Amino acid sequence: MNNRGSWLTLAAALVAIGIQTGTPSPSHAATQLSASIDFYGALSPYGSWERISRYGECWVPIDVPAGWRPYTVGYWVNTDYGWMWISQDPWGGIPYHYGRWAYDSYYGWVWVPDDDAVWAPAWVAWRYGDSYVGWAPLPPDAGWRSGYGLTVSVSILDSRIQRNGWCFTSVRSFGSTRIRSNIFPPGRNVTLLGRTRNVTRYEVYNSMPAERGFLPQMIERDTGRRFQRYRVVESRSPATLKNVSIQGSTIEAFRPRVTGVKARLAGEPRGKAWPSRAVTQRPQAEQRRFDQRMGQERTALQREQQREMVQATRDRARSDEVRRNQQAEMKAQQEREAQERRAVDQRRKIADQIQRNEGQGRGDAQGRGRQDQGQNQGQDRGNGNQGDQNKSRGRGHDKGGN
């Protein structure tokens, strides 16, 4: 593919395939597009593509804060395809609607593209119960089969999703455009996983994935709140993949189906697009802020534990259970900090390597430019001498002719 520096490139004409399930009204019909998204060029300015033995080519975001997790910088809106993630990350239009996320012990969170990439409002699992809402990225082995749905069961999801991958908030905070500030610290997940149940259920709607397990009626029934429902409509503008257009009660989204992704990524030459200096300097700053950010998480966890213990003091048996859970939470928090420290350190190393490679690449390019310029100048001088000789020969011939 050409023009890697551009956000997106269309590789084929936009063609409607018109496959639908059920009998939706024409206004709800999804126009499935045959097109290509330049995953490599779109994400390279914000991270690094790395070959991970288990998954192949994966994207490692480096423009993220310490302790970052997928589906935290943005907010949820209710749509006819289920809850849709509106990302506030500059790169969020692709990884939150295509592919899957995995936590690698070496790199931390990595985005794993599907070979047959299908758009969804969000590829997440949901938990609900006891006034809590939780979500987590679906693992890479949770594939999508057209006309069937997810290729794994809910029980498998529970065993494959890493505990720290879950994000929990209270039902009253869910739906806030500042959801990140209302997410409980990951150490709290030890307790909240036991208080909630997995309600994930994907279905096919207008030939595309739709999540029907975590319904807005659940929260509306428990809180009395109402959530506006948006209708997702097809956009033919690739720009709406990066920034969705919300107009009234509709959301325009560019969502083609993309095939053969892994083969194209495997053939991409490394270093075609470089992150900016501001992006590559981010991991260094986050490494310095790591202890502060983890301290904030511990403080938030202790605050929640104190609040819970106060509520449980009147019940001795309940107090003992809460105390045991809180000990497990603190241990989980320590394990998370060790994991995140490795991930932050690795992102810094990647950023340092990118800066070295970029500097070397620019130096090589300048060296080649100087070499080419010298060769051209030499060739020009040679051509000039040859031209002078030709002129002399020409003048001699003219004289002889006269």
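The values are calculated or read from the model by the stated rules, or taken from the named source; none is laboratory data. Computed from a predicted model, the values in this text were never measured in an experiment. Note that each Cβ is placed from the backbone with ideal geometry, even for glycine, and that neighbours are counted across all protein chains shown. With ligands, DNA and RNA removed, areas are computed over all heavy atoms of the protein, side chains included. Shrake-Rupley method; radii C 1.70, N 1.55, O 1.52, S 1.80 Å.
Taking the numbered list (1) open to solvent by 10 Å² or more (accessible area, probe 1.4 Å); (2) touching a helix residue (DSSP H, G or I) at 6+ places or on another chain (Cβ under 9 Å) in turn, Ile86 passes all entries but (2). Hey, can you tell me all the residues within region 160-181 that are part of a loop (DSSP other than H, G, I, E, B) and either among the β-branched types (Val, Ile, Thr) or more than 14 Å from Tyr103 (Cβ to Cβ) (or both)? Result: Ile161, Val171, Arg172, Ser173, Phe174, Gly175, Ser176, Thr177, Arg178. Considering region 309-334, and only residues there that are acidic (Asp, Glu) and in a helix (DSSP H, G or I), the residue that is surrounded by the most Cβ atoms within 10 Å (Cβ to Cβ) turns out to be Glu329. Of the numbered conditions (1) modelled with pLDDT under 50; (2) closer than 18 Å to Glu268 by Cβ, Ala42 satisfies every one except a single condition; which is it? With respect to (1) modelled with pLDDT under 50; (2) closer than 18 Å to Glu268 by Cβ, Ala42 is out only on (1).
The set of residues in region 97-156 that are among the β-branched types (Val, Ile, Thr) and under 20 Å from Leu215 (Cβ atoms) comprises Val124, Val133, Val154. Inspection of region 199-212 identifies no residue that is open to solvent by 50 Å² or more (accessible area, probe 1.4 Å), touching a residue at least 12 places away in the same chain (Cβ under 8 Å) and more than 19 Å from Tyr98 (Cα to Cα).
Select from region 164-197 the residues that are farther than 17 Å from Trp68 by Cα and charged (D, E, K, R) and write down the one among them that is least open to solvent (accessible area, probe 1.4 Å).
First, the residues of region 164-197 that are farther than 17 Å from Trp68 by Cα: 170-177, 190-197.
Filter once more, so that each one left must be charged (D, E, K, R): 172, 195, 197.
Values: Arg172: 165, Arg195: 59, Arg197: 150 Å².
Ranking the qualifying residues of region 164-197, first place goes to Arg195.
Region 32-116 holds strands (runs of 3 or more DSSP E) entirely within its bounds, and those carrying 2 or more residues that are over 13 Å from the mean Cα position of the chain (by Cα) and closer than 29 Å to Glu337 by Cβ map to 47-52, 74-79.
Within region 239-267, residues that are hydroxyl-bearing (Ser, Thr, Tyr) sit with their Cβ atoms under 8 Å from residues that are open to solvent by 50 Å² or more (accessible area, probe 1.4 Å) and not in a helix (DSSP H, G or I), at 6+ positions apart or across chains, in these pairs: Thr240/Glu252; Ser245/Glu252; Ser249/Gln228; Ser249/Arg229; Ser249/Arg231; Thr250/Arg231; Thr259/Asp115; Thr259/Asp116. Looking only at region 127-134, decide whether some residue is under 19 Å from the mean Cα position of the chain (by Cα) and acidic (Asp, Glu). Checking region 127-134: not a single residue is under 19 Å from the mean Cα position of the chain (by Cα) and acidic (Asp, Glu). Tell me, yes or no, whether region 145-162 has at least one residue that is open to solvent by less than 10 Å² (accessible area, probe 1.4 Å), free of Cβ contacts under 8 Å to residues at least 60 places away in the same chain and touching a Phe, Trp or Tyr at 6+ places or on another chain (Cβ under 8 Å). No, region 145-162 contains no residue that is open to solvent by less than 10 Å² (accessible area, probe 1.4 Å), free of Cβ contacts under 8 Å to residues at least 60 places away in the same chain and touching a Phe, Trp or Tyr at 6+ places or on another chain (Cβ under 8 Å). Any residue in region 335-353 that is farther than 21 Å from Gly108 by Cβ, surrounded by fewer than 19 Cβ atoms within 10 Å (Cβ to Cβ) and of a type in the set (D, E, K, R)? Checking region 335-353: not a single residue is farther than 21 Å from Gly108 by Cβ, surrounded by fewer than 19 Cβ atoms within 10 Å (Cβ to Cβ) and of a type in the set (D, E, K, R). Among (1) in contact with a Ser or Thr (Cβ under 9 Å, 6 or more places away or on another chain); (2) open to solvent by less than 10 Å² (accessible area, probe 1.4 Å), which single condition is Tyr98 missing? The one condition Tyr98 does not meet is (1). Note on region 134-159: among residues that are out of contact with any Lys or Arg (no Cβ under 8 Å at 6 or more places or on another chain) and in a loop (DSSP other than H, G, I, E, B), the one that is modelled with the highest pLDDT is Gly143.
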